[in-house]
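Let me begin by presenting the structure, written as structure tokens, before commenting on it.
The values are calculated or read from the model by the stated rules, or taken from the named source; none is laboratory data. These numbers come from a predicted model, not from an experiment. Cβ placement follows ideal geometry from the backbone for every residue including glycine, while neighbour counts extend to all protein chains displayed. The area values use the complete protein model at the heavy-atom level, side chains included, leaving out ligands, DNA and RNA. Shrake-Rupley method; radii C 1.70, N 1.55, O 1.52, S 1.80 Å.
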Amino acid sequence: MRAAPNRKFVATLVALLVALAASGVAFFLSQNASGRIGGEMAVQKMLWLFYAVVLWLVLPGAVLFDARASSQVRTAYATLFALMSLRAVVEAWMLYVTHNWSPWYGIGHDVACMLVVGLGMVRVARAGGHRGRIDRWLYAHLGITVLAFVPEIYFAQYMLANFNTAGVAAIYFVPDDPAHRVVLRVTWTVVAFFTVYLPVFFWGWIFGAAESRDTVRG
């Protein structure tokens with residue numbers, strides 16, 4: 001049976017992604033023009049920040065409203081959404097209020113998320129919640145999401161080794177500087193992958209065939 005995605009759901013998701021992209025550009029321009037705490041950022045770092053928010057907040061939140069997905073899959077995404085929402089609030093406070101953020105916090109949270117989401121995938125598999133067409137797309141995407149923490153850990157370690165990330169003179173972003181060309185090239189590689197992957201995933205998830213569930217709550 002062919003899935004019939006709710007148009008309101010799709011339109012809302014697209015509008016959210018467009019608004020997020022516009023906010024990312026505005027943040028990038030502001031960060032590089034005003035001398036704000038955190039320092040200048042390279043364009044590829046802005047793109048990675050956009051994809052990270054999509055991967056770890058927007059998509060997990062959206063899946064919660066997809067009634068075609070199994071309850072086990074939605075639970076796994078709900079756990080990821082809760083973990084990343086808490087991180088967003090705590091890190092924003094540490095970055096811009098108390099100025100005491102350390103990459104170690106991010107690394108620890110990344111590892112914890114990999115373990116928790118990985119365990120969630122095991123539970124989904126044992127419960128058979130990954131067998132429907134939509135569930136298979138979402139289950140595979142959970143695996144990609146877990147792997148996305150690997151470059152994020154590398155980026156955090158790079159910040160730890162090369163920048164001061166605490167205090168009013170803290171640096172939070174890698175600037176567009178030849179001295180950082182290796183990490184920036186890695187970032188371009190990661191960005192290029194998700195630029196190709198995410199549209200494919202969106203199409204498969206939103207318009208893929210569902211075997212038993214054919215509506216999206218909206």
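A viscosity of 1.002 mPa s and a temperature of 20 °C, combined with the Kirkwood radius over C-alpha pairs in the Stokes-Einstein formula, give the range 1-94 a diffusion coefficient of 141 µm²/s. Spacing of the modelled spin labels on A33 and V168, each 7 Å from Cα toward Cβ, amounts to 2.5 nm. For the range 168-181, 3J(HN,Hα) computed residue by residue from phi via the Karplus equation (6.51, -1.76, 1.60; θ = phi - 60°) reads 6, 9, 5, 10, 10, 10, 7, x, 7, 9, x, 5, 10, 5 Hz, glycine and proline entered as x.
Among S34, S70, S102, the largest mean-square fluctuation in a Gaussian network model of the chain, built with springs joining Cα atoms closer than 10 Å, belongs to S34. Annotation: amide H of G38 within the under-5 Å range of A170, Y172, sequence separation 5 or more or interchain, hydrogens built in the peptide plane. When a 1.4 Å probe is rolled over the protein heavy atoms, the share of accessible surface on the chain that falls to carbon and sulfur comes to 68 percent. Per residue, the average separation of C-alpha pairs within less than 8 Å and at least 6 apart gives the chain a relative contact order of 40 percent.
Most tightly packed first, judged by the mean number of other beta-carbon atoms within 10 Å of their residues, the peptides 110-117, 23-30 read 110-117, 23-30.
When the chain is treated as a Gaussian network with alpha carbon springs shorter than 10 Å, the biggest mean-square fluctuation among G128, G143, G35 belongs to G35.
Reducing the range 55-117 and the range 5-28 to their Cα centroids gives an inter-centroid distance of 19 Å.
Quick one: divide the alpha-carbon radius of gyration of the range 62-157 by 2.2 N^0.38 Å and tell me what you get.
1.20
With N the number of residues in the range 102-163, Rg(Cα) / (2.2 N^0.38 Å) evaluates to 1.37. Size of the range 123-208 from its Cα atoms: along the principal axes, largest to smallest, the extents are 50, 26, 21 Å. Rolling a 1.4 Å probe across the protein heavy atoms gives the chain an accessible surface of 50 Å² per residue. In sequence order, the range 116-129 has phi-based couplings of 5, 5, x, 5, x, 5, 4, 5, 4, 4, 5, 8, x, x Hz under the Karplus curve 6.51 cos²θ - 1.76 cosθ + 1.60, θ = phi - 60°, and Gly or Pro positions carry x. By the Stokes-Einstein formula, at 0.692 mPa s and 37 °C, the range 59-218 with its Kirkwood radius over alpha-carbon pairs has D equal to 188 µm²/s.
Extension gain for the segment R131 to A112, taken as residue separation times 0.36 nm less the Cα-Cα distance, is 4.2 nm to one decimal.
FRET efficiency for the A22 to A161 pair, using the beta carbon distance and R₀ = 25 Å, is estimated at 0.15.
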